[in-house]
Amino acid sequence: MQVEVYPIVPAEWRDAAWRFYCDIFDELKVLAVERHVYHRSEFDELVADPRIVKYLVRDGDAVVGMSAMTDDLEALSFVSLEYFAHRWPEHYAQRRILYCLFVGVHPGPPGKGVFVALQDQMYRRQIAAVDGIAVLDICAHNEGERRLPWLIESIMVKLAGTARASRLDTQSYWLYEFPAAS
């Protein structure tokens, strides 16, 4: 298995990457209040943006794994630059904060080992290369059902020798109902 690394995903792989992305992340459309899934136009911008490094794993003509990470937080309109600059001023100034936009892997045999391979490449190529820290947005479903923060932490411990996951922030969504008086 080979992880291919691209500043810009080649045009001939964009449709396959989009189909893979939709197959893997579509379920989040109904599981998370805040939108976690890109529209096609946003996805096309992302795969063409050289500030964001894309990692692809292919099996023949199919994409079986994909992730994206950047050290250029200005490339991400949805993050608070002030938050990162305030919390980690030195890391921020030196672009040693790496934001992982997503990691997706095909379920079943085609994706066997792909999640770890993607984590390994992102760690070695970007995080370890600058002695950086990594940030990933994980919805409550992936935290509770898949235990993703702790899975990633255990993989990173094996890859880096040490790793510690910490929750940075949390947001809850509240519903107010107004049932008819009985």
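The values are calculated or read from the model by the stated rules, or taken from the named source; none is laboratory data. Keep in mind that what you see is a predicted model, and the values were worked out from it rather than measured. Quick reminder, even Gly has a Cβ in these numbers, built from the backbone with ideal geometry, and neighbours come from all protein chains shown.
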task: Please work out which residue is nearest to Arg87 (Cα to Cα), limiting yourself to region 123-182 and to residues that are assigned to a helix (DSSP H, G or I) and among the acidic types (Asp, Glu).
output: Glu153
statement: Counting only helices (runs of 4 or more DSSP H) entirely within region 1-96, those with at least 2 residues that are modelled with pLDDT of 95 or more and crowded, with 16+ Cβ neighbours inside 10 Å are 11-25, 40-48, 89-93
- request: Among the candidates Val130, Val103, single out the residue that is buried (at least 20 other Cβ atoms within 10 Å of the Cβ) and modelled with pLDDT of 95 or more.
  value: Val103
- request: Scan region 82-121 for residues that are in contact with a helix residue (DSSP H, G or I) (Cβ under 6 Å, 6 or more places away or on another chain), closer than 20 Å to Ile152 by Cα and of a type in the set (Gly, Ala, Ser) and jot them down.
  value: Gly104
task: Quickly run through region 54-108 and pick out the residues that are touching a residue at least 60 places away in the same chain (Cβ under 8 Å), closer than 19 Å to Arg125 by Cβ and not aromatic (Phe, Trp, Tyr).
output: Val57, Gly65, Met69, Asp71, Gly104, Val105
